[in-house]
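**Q** Supplied in structure tokens, the structure appears directly below.
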Amino acid sequence: MAIRMRDAMFQGLDGLRYEPVERRVRALLGDDEVVDSSRPLLVWEPRRVVPSFAVPTADVRGELLPQPAAPASDRTPPVLHPGIPFALHSTDGESLSLRAGDATLERAAFVPADPDLVGHVILDFKAFDGWLEEDEPLLGHARDPYHRIDMRRTSRPVRIERDGVLLAETTRAVLLWETSLPTRFYVPREDVVADARPGDKRTTCAYKGHAAYLSFDVGENLAWTYEDPLPEAAPVTGLVAFFDELVDVTFDGERRERPITPFAQAIRDEAQV
């Protein structure tokens, strides 16, 4: 029996996964390189959808100190998306702090209790001031070699509404497909017909760059835009995308169902709708 590729990808979600990557990675505190490794692994803890870097402990220029694990949550999310703190671990192991110079990064490291990862320490991407992959800066989190974005212009009509209020309508959209996420419809700013105001949210995507948000009378932080995206996301520069989880999209005359994503409820809470 045939298996849908997306289902195949998620079959291993409950397991501890890793992939060696043949590249140099460095982590910075200020101007100091406190991690420098040409032997990193990408590690996905169970139920985490984005990877973290793990490096040999010898490649860490600092002191790793035992640290009590973060208190267990009463509600462990079924999927650990990038908004879930690194300190919440889903596999056995030891939490560590990293002392480098005058700085101590609490629970910024984790040694998993797995024989295939002996001698490696997983690091909290967000605990450091910056990361370099070879000589290029990384944003948001370690990049997944099995994750990609694709974009195509389309003249098929797109209409976006919320509670019967028309938000945008265009025949000049850019469709963006991102691995394991619903299709996103990026529309020119001038085709957003509802009054928009700057939102109070900012996010960073490892594949697209820094996003600024827009709010409307029918929802806060309901849409976003990349004014200066990473080069591979250049086709959506300045365009506006809405959370399909919260709005009604009619594409080429057909009303689409609102997608269900692992972080849909968090989006609803933040948008206050």
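**Q** Return the long-range amide H neighbours of residue 179 (sequence gap of 5 or more, or a different chain), with a cut-off of under 5 Å between placed amide H atoms.
**A** Under 5 Å from the amide H of residue 179 lie the amide H atoms of 148, each far enough along the sequence or on another chain.
**Q** Taking the Cα centroid of the stretch 93-129 and of the stretch 46-63, what is the distance between the two, rounded to the nearest whole Å?
**A** Value for the Cα centre distance between the two parts: 6 Å.
**Q** To the nearest 0.05, how large is the calculated FRET efficiency for residue 172 and residue 65 if R₀ is 45 Å and r is the Cβ-Cβ distance? Can you show the working numbers first?
**A** Numbers: r = 55 Å, r/R0 = 1.22.
The formula returns an efficiency of 0.25 here.
**Q** What value, in deg cm²/dmol to 500, does the helix sum -39500 (n - 2.57) over DSSP H runs of n ≥ 4 give at 222 nm once divided by the residues of the chain?
**A** On the way: 2 runs with 14 residues, N = 273.
So the helix-based figure for the chain works out to -1500 deg cm²/dmol.
**Q** Please compute the contact order of the chain in relative form: average sequence separation of alpha-carbon pairs under 8 Å and at least six residues apart, divided by the residue count, as a percent. List each step's numbers first, then the result.
**A** Details: 581 pairs, mean separation 33.9, N = 273.
Normalised by residue count, the contact order of the chain is 12 percent.
**Q** Taking GluC sites (Glu not before Pro) as exposed when DSSP calls them loop (any state but H, G, I, E, B) and at most 13 other Cβ atoms lie within 10 Å, what is the longest stretch of the chain free of them, the sites themselves excluded? Could the numbers behind the result be given before it?
**A** Working: sites that count: 22, 134, 227, 257.
With GluC sites (Glu not before Pro) excluded where exposed in loops, the chain gives 23-133 as its longest stretch.
**Q** Could you size up the charge dipole of the chain around its Cα centre, putting +1 on the beta carbon of Lys and Arg and -1 on that of Asp and Glu, and report it in debye to the nearest 20? Present the calculation step by step, with values, prior to reporting the outcome.
**A** Working: 32 positive and 47 negative charges, 151 e Å.
Around 720 debye, computed over the chain.
**Q** Stretch residue 228-residue 165 to full length: gain in nm at 0.36 nm per residue minus the Cα-Cα span?
**A** Answer, rounded to one decimal: 19.8 nm.
**Q** Lys/Arg Cβ at +1, Asp/Glu Cβ at -1, dipole of the chain taken about the Cα centre: which of 37, 123, 83 is farthest positive-ward?
**A** 83
**Q** Now for a different question. Going by accessible area, probe 1.4 Å, with all protein chains left in place, what is the ranking of 9, 1, largest first? Could the numbers behind the result be given before it?
**A** On the way: 9 95, 1 230 Å².
In descending accessible area the options line up as 1, 9.
**Q** Still on this structure, please answer the following. Between residue 154 and residue 94, how high is the FRET efficiency from 1/(1 + (r/R0)^6) when r is the Cβ-Cβ distance and R₀ = 35 Å? Nearest 0.05. Display every interim value, and only then the final one.
**A** Numbers: r = 50 Å, r/R0 = 1.43.
It comes to 0.10.
**Q** So for the stretch 117-273, taking the charge dipole from beta-carbon charges (+1 Lys/Arg, -1 Asp/Glu), which of 166, 139, 211 sits furthest toward the positive end?
**A** Farthest towards the positive pole: 166.
**Q** HN-Hα J couplings of the stretch 24-29 from phi, Karplus 6.51/-1.76/1.60, θ = phi - 60°, integer Hz, Gly and Pro as x?
**A** With the stated coefficients, the stretch 24-29 comes to 8, 10, 9, 10, 10, 10 Hz.
The values are calculated or read from the model by the stated rules, or taken from the named source; none is laboratory data. As the structure is a prediction and not an experimental result, all values here were calculated from the model. Note that each Cβ is placed from the backbone with ideal geometry, even for glycine, and that neighbours are counted across all protein chains shown. Note: areas computed on protein heavy atoms with side chains; ligands, DNA, RNA excluded. Shrake-Rupley method; radii C 1.70, N 1.55, O 1.52, S 1.80 Å.
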